[in-house]
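Visitor: Could you have a look at this structure, given as structure tokens, before my questions?
The values are calculated or read from the model by the stated rules, or taken from the named source; none is laboratory data. All of these numbers come straight from a predicted model, not from anything done at the bench. Don't worry about glycine lacking a Cβ; one is built from the backbone with ideal geometry, like all the others, and counts go over all protein chains shown.
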Amino acid sequence: MTNGAVLKGSGTFNGVTLNGDLELTQDYTFVSSPGDTNRVNSTVIYVTNSFTLNGKMTLGDASGGYSANLLLRGPPAVVTARLPDGSQISYDTQMLDGDAMIEFGGGEYNALVSWGRTAFLTIGPNVTIRGRRYSVGLPRDQVSGPFQNFIGLLNQGTIAADSDGGTVAIPAGIRLSSGATIGCTNQGTLRVANGGTMNLTGPSLFNSGAIQVGSRGTMKLSGNYTQDASGHMFFEVHGLTAGTGYGQLNISGAAALDGALNLGFLNGFQPSLGDAFDLIHWGSSTGTFSMVNGTPMGGLILKPEYQATGLRLATGTP
């Protein structure tokens, strides 16, 4: 594929490597579900067996006039894993690899889809996915059919909700009858900034990489959060008001904490003695961060307060 190519219409790739940039343009009217009268302009690209992208792929237009889907379908072989209760589960695996930038526009139905009744998707370490509005793993509001069980996501790259007011949905995960969960594992970077929101609606997020929350970003977890000793969170702070001066992480379930918490003070902002920042909300928590980094000026220090409903970071004296 030559650099700067434009693909008009839907298509199918089989075990393909793309070197260069690719833009998907408007194709046809897409119906989200049988009987749905809400029709949107959309284009769909199907990839089977393997997909390596070296370059940039643009999906959908910035204004949201049409949507675009990239559907990854693994080879016929499946992986079988043994669960804690001794039972087994089989699933398809897909990987998006290369040195790539995938950028979504503002379309309501934008998605990077892992195709299969039970599917596990890996995002490679040099892949960045960003944009104004998109979902990873499932099409919007898909609860049945060929996508119904998106059981897990391993992110080794970067997934970002960093466009102004943008929204990213990651519905990875499944709860098993044994009580075990398969969810989202982050070894790379999950980032929210510029008023963006990331919704992780699966049962769990395990972080051994980086969680980055910009000063106007919000990350929401419907399940539990675990951070190990190698994981770290970073919050940008340039004011005292949540949502404008600093972003927040909202965890509906339990938080198990370790690793580092880092703060960066931006645009010359420096807190005064007694200022506080409610950075994280949770249902319950265990553990603490092993390190809290980010030193205000004037000899102040940051003191974490592990409360029943969340984490407050307050300035104090040594």
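Visitor: Please go through (1) surrounded by fewer than 20 Cβ atoms within 10 Å (Cβ to Cβ); (2) part of a strand (DSSP E or B); (3) more than 15 Å from the chain's Cα centre (by Cα) for Leu261 and return the number of the only condition it doesn't satisfy.
Guide: (1)
Visitor: Further, regarding this structure: Return the residue satisfying two criteria in turn: it lies in the range 286-300 and is part of a strand (DSSP E or B) and of a type in the set (A, V, I, L, M), and of such residues it is surrounded by the fewest Cβ atoms within 10 Å (Cβ to Cβ).
Guide: The extreme case among them is Met291.
Visitor: For residues that are more than 16 Å from Pro171 (Cα to Cα) and modelled with pLDDT under 75, tally how many sit in the range 80-130.
Guide: Matching residues across the range 80-130 total 13.
Visitor: Sticking with this one: Limited to the range 228-255, what total is found for residues that are small (Gly, Ala, Ser), exposed (fewer than 15 other Cβ atoms within 10 Å of the Cβ) and closer than 19 Å to Gly209 by Cα?
Guide: 2
Visitor: Give me the residue from the range 133-183 that is out of contact with any Pro (no Cβ under 8 Å at 6 or more places or on another chain), buried (at least 18 other Cβ atoms within 10 Å of the Cβ) and not in a strand (DSSP E or B) and, out of that set, modelled with the lowest pLDDT.
Guide: Among those that are out of contact with any Pro (no Cβ under 8 Å at 6 or more places or on another chain), buried (at least 18 other Cβ atoms within 10 Å of the Cβ) and not in a strand (DSSP E or B), it is Gln142.
Visitor: With respect to Ser215, determine if the residue is at pLDDT 95 or above, assigned to a loop (DSSP other than H, G, I, E, B) and among the hydroxyl-bearing types (Ser, Thr, Tyr).
Guide: no
Visitor: Any residue that is of a type outside the set (A, V, I, L, M), farther than 20 Å from Thr309 by Cβ and assigned to a loop (DSSP other than H, G, I, E, B) - is there at least one of those in the range 246-253?
Guide: no
Visitor: Right, another one. Which condition from (1) part of a strand (DSSP E or B); (2) modelled with pLDDT of 95 or more is the one that Ser230 breaks?
Guide: So the condition that Ser230 fails would be (1).
Visitor: Give all pairs with beta carbons closer than 7 Å in which a residue from the range 260-287 that is on the phi > 0 side of the Ramachandran plot meets a residue that is among the charged types (D, E, K, R); count only pairs at least 6 apart in sequence or on separate chains.
Guide: Gly287/Asp258
Visitor: If we scan the range 53-71, do we find a residue that is surrounded by 18 or more Cβ atoms within 10 Å (Cβ to Cβ), farther than 26 Å from Ala161 by Cα and at pLDDT below 85?
Guide: No, the conditions are met nowhere in the range 53-71.
Visitor: Additional query: Out of Gly268, Gly287, I need the residue that is at pLDDT below 95 and over 16 Å from the mean Cα position of the chain (by Cα). Which one?
Guide: Selected residue: Gly268, the only one of Gly268, Gly287 that is at pLDDT below 95 and over 16 Å from the mean Cα position of the chain (by Cα).
Visitor: Conditions first: (1) surrounded by fewer than 13 Cβ atoms within 10 Å (Cβ to Cβ); (2) in contact with a Ser or Thr (Cβ under 6 Å, 6 or more places away or on another chain). Asn267 passes all but one, so which condition is the exception?
Guide: (2)
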